[in-house]
Amino acid sequence: ATIDGNVATITIQNKGAGHNFPTELKQRSVESLVVVRDIEGKEVGRSRKVFRDPYKRPYGLELPVNTQIPSGQSRQHRVPLSVAAGTVETTLFFKHYYPIGDYHPDLARVLESRTLPFADIAPSTEAIESEPEVHAVTPEGISAEASSVANLVDYARPPIGTVEVDIPEGTTPADIEALIQLFQFPVPQANKAAQKRLAEIGRPAVPALIAALGSWDNKTYNQSMGVLENIGNAARSEIVAALAHDELYVRLHARDLVSRLVWRGPDVERALVPALAAAAPLDRASAARAIGELGLRGQAEGLRGLLDDSDPDVVREAALALAEFGVDAAVPELIAALDLAFYPETRRDLAFALARLGSPAGMAVLLQGLDHGDDLVRESFFELWFTATGLHAGYDPLAPRPVRLEAIAELQGHWAAHGGAQALIPPDPDRDPFAQAHARELVAKIGGTDFGPSGSDDDQAMLEELVGMGKHAVPALVRGLKYPPGFSSKRAQLCQALGRIGDPRGAPALVAALRDPVLVVSAWAAWALEGLSDPASTKALVRYEQRLRTLIANGTVPPSAGTPDGLLVQVARARLATGDESARHTLAALLLSDELHTRQLAIEALVRRYGDARGFDPEAQASERRSAAAEWMD
């Protein structure tokens, strides 16, 4: 850092790294901050320069500018000095996540800091240039960590410098190849434009799109699959032929594609069946999965032959397909495979396949997995347990372990007393994969995406559509509650939809949402649980009420979540609906609230439960209300 005439010059050199810096993840950044102060210490100028591999956040056909510093190269940060004397404070930050505060104790690091005094210079009239100061606003002011620091950029949406991206207009092989190459660009609008153009080109683009299914880049093969799906039947012969392509990953993604398209028929079946005996385990596993998803029941015997395969993924896919077909005769072979299985994930899926076929032989495996040490594995065990039994006892895979163990003990006791084949839930015969796929699209859009917020009218329309889809929307809504807490608007609306649909399959996800760091989401989860009236949710609601009372006592209830009395009356209503009679005392106390709406909600819940208002009128004079409320306080 030097003073050169009337300019502060900071030189940042990548000396020693054999690659661009910063690297590893797009979240990383190196930032030079320069603050100019006059002789009295007053700040007269500030400039920030950021070096990083940018996020894909532009909204037009523009490519983000990469400002990483290549190996051995330098970059300069020049800041004009507008006063004759003062100091220049220079700081170089390394940040694990962008945008995060300069002095975050864990996610930011000061690499260097210098203070340079200066005097007797001719003040510069040049304007100070700076990248915008990005201050991420988290929902209800919760910490970046609580709102998911890894997704901070998705709702902070910092501006990014860009250069224009060209979208080829022709139909030559070179144009088609250039369009497919755009799939790798970190520019969503360019991706969409390339997909649209290729779909318009149609069949002439199909061979190149088939070849792109084998790309190393997931963005390329996923978008190629999407375009081929849009082209549809016009590309059927080429897609079916790709099921036996020379390249392994073309075959794998072609099998995924025919499953998404729900293409059945002799041509597809003839191309899939030989792969069950292929040399590559990935071929055998993906073929078994496609056969199961397409409902090709005539291949059940071939699938049974894979239950003793040497590869665990092949065994897993064959088992799940046989369960999908309802092949009860395969139960002894599945039990034998479970006895031999080593990996927890393989044992989990074999146990679930048995449950789908009405056998409780693997339920102890699923119960044991509820205490697995890995968060995601534990969560997957619970999802399959709940799908098979409908029992949850308030279990939340991500809750503190003592809370989880209490729920596990209750589930174990219940299963020991009442479990067995008769307690297993059969698969839903009305499952509609097309409706479920559409619901996933709506869930992704409602409440905003990483590209920007959605409009309130759009959100309301999508909410109504999801509610209208009923049970077909529930899997997508439950999955949508896995979005990070920073997407609070989305999560709150998904809770509303689950409450209005009233499907008991939503209960565990709503129980988990009671611990959401964004209080307004938890409040909507409590509202939804009232409608479900699920006794297994009571303990979680009690813990949520304790959280509320702590916030109220500390005076830290976010205004956006509602009033303290309004929040308390909602959770008390939910507790009463689940059969918790002790909630009556909370509701009786809230009859004395200064808020008319709270009094109305309280007496409404009491009347619904006990059939009589006992003379209480929420709109009466205060003295009359107090006298009538006493009737509820015995």
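In terms of the mean number of neighbouring beta-carbon atoms within 10 Å, the peptides 103-116, 306-319, 208-221 order highest first as 306-319, 208-221, 103-116. You can think of it this way: the chain between residue 547 and residue 428 has 39.1 nm of extra reach, that is 0.36 nm per residue less the Cα-Cα gap.
How large, in percent, is the carbon and sulfur part of the accessible surface of the chain at a probe radius of 1.4 Å? The value for the chain is 53 percent carbon and sulfur by accessible area. Under the membrane-span-like helix rule (DSSP H runs whose alpha carbons stretch at least 15 Å along the helix axis, mean Kyte-Doolittle hydropathy -0.5 or higher), the chain yields 248-261, 281-294, 312-325, 375-389, 401-418, 433-445, 456-469, 488-501, 519-532, 538-554, 564-577, 596-610.
About the Cα centre of the chain, how large is the charge dipole given +1 on each Lys and Arg Cβ and -1 on each Asp and Glu Cβ? Please answer in debye to the nearest 20. Please report the intermediate quantities before stating the final value.
Working: 63 positive and 83 negative charges, 70 e Å.
It works out to roughly 340 debye.
Return the subset of 26/192; 196/490; 15/219 for which the Cα-Cα distance in this structure is over 24 Å, preserving the input order. Flagged as over cut-off: 196/490; 15/219.
For the pair residue 633 and residue 211, label points projected 7 Å from Cα toward Cβ lie 8.2 nm apart.
Give me the extension gain from residue 556 to residue 401: residue separation times 0.36 nm, minus the current Cα-Cα distance, reported in nm with one decimal.
Full-extension gain reported as 53.1 nm.
Projecting the Cα atoms of 551, 331, 122 onto the charge dipole of the chain (Cβ charges, centred on the Cα centre) puts 551 farthest toward the positive pole. Within the shell of other residues whose beta carbon sits under 10 angstrom from the beta carbon of residue 90, the net charge comes to -1, with Lys and Arg scored +1 and Asp and Glu -1.
If the segment from residue 278 to residue 246 were pulled out straight at 0.36 nm per residue, it would be longer than the present Cα-Cα gap by 10.3 nm. Each peptide in 289-296, 174-181, 546-553 gets a packing score, the mean of other Cβ atoms within 10 Å over its residues, and the list from highest to lowest is 289-296, 174-181, 546-553.
In this structure the chain gives 46 Å² per residue of accessible area when probed at 1.4 Å with all protein chains present. For the stretch 163-262, relative contact order (Cα pairs under 8 Å, six or more residues apart, normalised by length) works out to 23 percent. Summing charges over all other residues whose Cβ lies under 12 Å from the Cβ of residue 13, with Lys and Arg as +1 and Asp and Glu as -1, gives +1.
Each part gets one Cα centre, and for the stretch 396-465 versus the stretch 161-236 those centres are 34 Å apart.
Here, P(r) means the percent of Cα pairs in each 20 Å bin from 0 to the largest distance; for the chain it is 15, 39, 33, 12, 1.
The values are calculated or read from the model by the stated rules, or taken from the named source; none is laboratory data. Every value quoted in this text rests on a predicted model; they were computed, and no experiment measured them. Cβ coordinates were reconstructed from backbone atoms using ideal geometry, including for glycine residues, and neighbour counts include every protein chain displayed. These accessible areas exclude ligands, DNA and RNA; they are computed on the full protein's heavy atoms, side chains included. Shrake-Rupley method; radii C 1.70, N 1.55, O 1.52, S 1.80 Å.
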